[in-house]
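Just so it is clear, none of the values below were taken in a lab; they were calculated from the coordinates. What you see is a predicted model, and the numbers here were worked out from it, not measured in a lab. Glycine gets a Cβ as well: all are built from the backbone with ideal geometry, and neighbour counts include every protein chain shown.
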Amino acid sequence: MPELRAAVIGAGFVGRAHIEALRRLGIPITGVLGSSPARGQETCQSLGLPRAYGTLQELASDPGVDVVHVCTPNHLHYEQARALLCAGKHVMCEKPLAMDTKQSAALIELARTQGRVGGVAYNLRYYPLCQEARSLIARGVIGEPRLVHGGFLQDWLFYPTDWNWRLEPQLGGDLRAVSDIGTHWLDLTTWLTGHRISELCADLATVIPVRQRPRGRSETFQGTVGAGDPVSISTDDYASVLLRFEGGLRGVMTVSQVSAGRKALLEFEINGSEGSLAFDSESPNQLWLGRRNEANRILLKDPSLMSSESRGYANYPGGHTEGYPDTFLNLFRDFYSYLRSGDDSRAPSFPTFQTGHDELILCEAIARSARNQQWVSVE
Ligand code: SOE
C-alpha cells in the first residue's frame, strides 16, 4: 500500500502534539487547516509544513490526503469528521468525538457505510506502563479486579481569570472536566480491567461560578492576562462519580481543573483479589505493584522487563524516560498500521469511534445522574 499521507485541522496545543508524533513516525503531512487562513499560514511557516489549507472543503477535496486529524474545539468535531468521511478520508478525532451520542452514532454509521476508519485520541492508554498494566491484569497478576479508584486533577483553570473555549457550553459541551479529562480516566479503566460501567452516581460542581472572559485569544494551558468581561459559568470544574462495573468491580473517579499544584495528574489504583497496581502520570515511568504477603514493588519502564504484548510501546530502553508526547506516537503507530493492513476484519487495538460513542454515553449518564441526584443505569 502506498504511504498514507496525513493532514491536521487545528494547530493549537494538541494539534501540534499530533504533528510532532506524525513526524516522528515518518508519516508525510500534506498541510494544516488553521482556525483562519492567517493562523494556518503562521503554523506552516513555524513548523515547516508544505501547505496551509484555506477551507475544510479544500482539504477534504485534496486527493493527496488519506487521513485527517481533527484537533479543533469540540463543537466542530462532528461536522468536520462527517465532511471528511464523506470525502473518503480516514479520521483520527480528538476527544470527545462529538457533542452528544446522536452525533457520535451518526459518525459510526457513516464511517461504516463509507468504508473508512475512525479513531479517537484517548492517547493516555499509550503510556508504556499503562500498556504493561493491562498486560499484567490480563495475565491475572493481581487476580480479579475488585476496586478501581483515582482520577485526573489539573489547575490550569484555577483562577477566575483563566479562560478557555471549554468554559463555553456551546463550544465545549454541557460537561467540561468530565468530558475533557474524566473520559480519559473512564476509557483507561474500562480498557485496563476489561469491564464496562453498568451504573453510576455523579456529583458535579461549578466551583468558580463567574469567570473573566479575556478580550483576546486564549489557548489551552496558557494563562490569560489583560482585562476581561464577567461571564456566568455552568460547566463542571469538579466531579466525583461512584461507579459499578459489570462483574462486581466497584470504583470512584474524581476530576478537577481547579486543584492547585496538580498540572495534569492522571492516576489510578486497581485492587484485585491477588494484589494491586497503581500508576500516576506525574511519574509515568513507574508502575507500583502491591502485595499483602510480600514486599511491594516498583517497576521502572524497561522494555526488557515488560510483557511481550506491551514492550513494543516502550520506544527507548530502560532508564530513558518516556511521557506524554510518546503516547501520541504509540497511538498513531497502532492506527496507521491498522490502516495499512487493510484488514478491517481485525479488531482495532486503538480507541475507535465506538469508543468515543461509549464515552459520550457515560457523559450523558453522568449528567442525568447529577441532575436527578440519583444512581442511573448506563444504557
Ligand atoms: C486539557 O484539559 C487537556 O489538554 C485535555 O484536553 C487533554 O485531553 C489532556 O490529555 C491534557 O489536558
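A few notes on this one:
- Each other residue within a Cβ distance under 10 Å of I197 adds +1 if Lys or Arg and -1 if Asp or Glu, for a net charge of -1.
- Antiparallel content of DSSP bridges confined to the chain, in %, to 5: 65 percent
- With a cut-off of 20 Å on the backbone N, the residues of region 166-183 near the modelled label site 7 Å out from S46 along Cα-Cβ are 166.
- Spatial separation of Cα centroids for region 228-242 and region 327-379, in angstrom: 24 Å
- Sorting R250, R166, R39 from the fewest to the most surrounding beta carbons within 10 angstrom yields R250, R39, R166.
- For the chain, the pair-distance distribution built from all alpha carbon pairs, in bins 20 Å wide starting at 0, is 28, 60, 12, 0 percent.
- The relative contact order of the chain comes to 20 percent, based on Cα pairs under 8 Å that sit 6 or more residues apart.
- Relative contact order (%) - region 6-116, alpha-carbon pairs under 8 angstrom, separation at least six: 23 percent
- Most mobile of H90, H320, H69 in a GNM of the chain (Cα contacts under 10 Å): H320
- Residue-count net charge about G26 - beta-carbon cut-off 13 Å; Lys, Arg +1, Asp, Glu -1: +3
- Neighbour-count order for T161, T355, fewest beta carbons within 10 angstrom listed first: T161, T355
- With a cut-off of 11 Å between beta carbons, the residues surrounding I361 carry a summed charge of -3, where Lys and Arg count +1 and Asp and Glu -1.
- Across region 56-195, the relative contact order, built from alpha-carbon pairs under 8 Å that are at least six residues apart, equals 23 percent.
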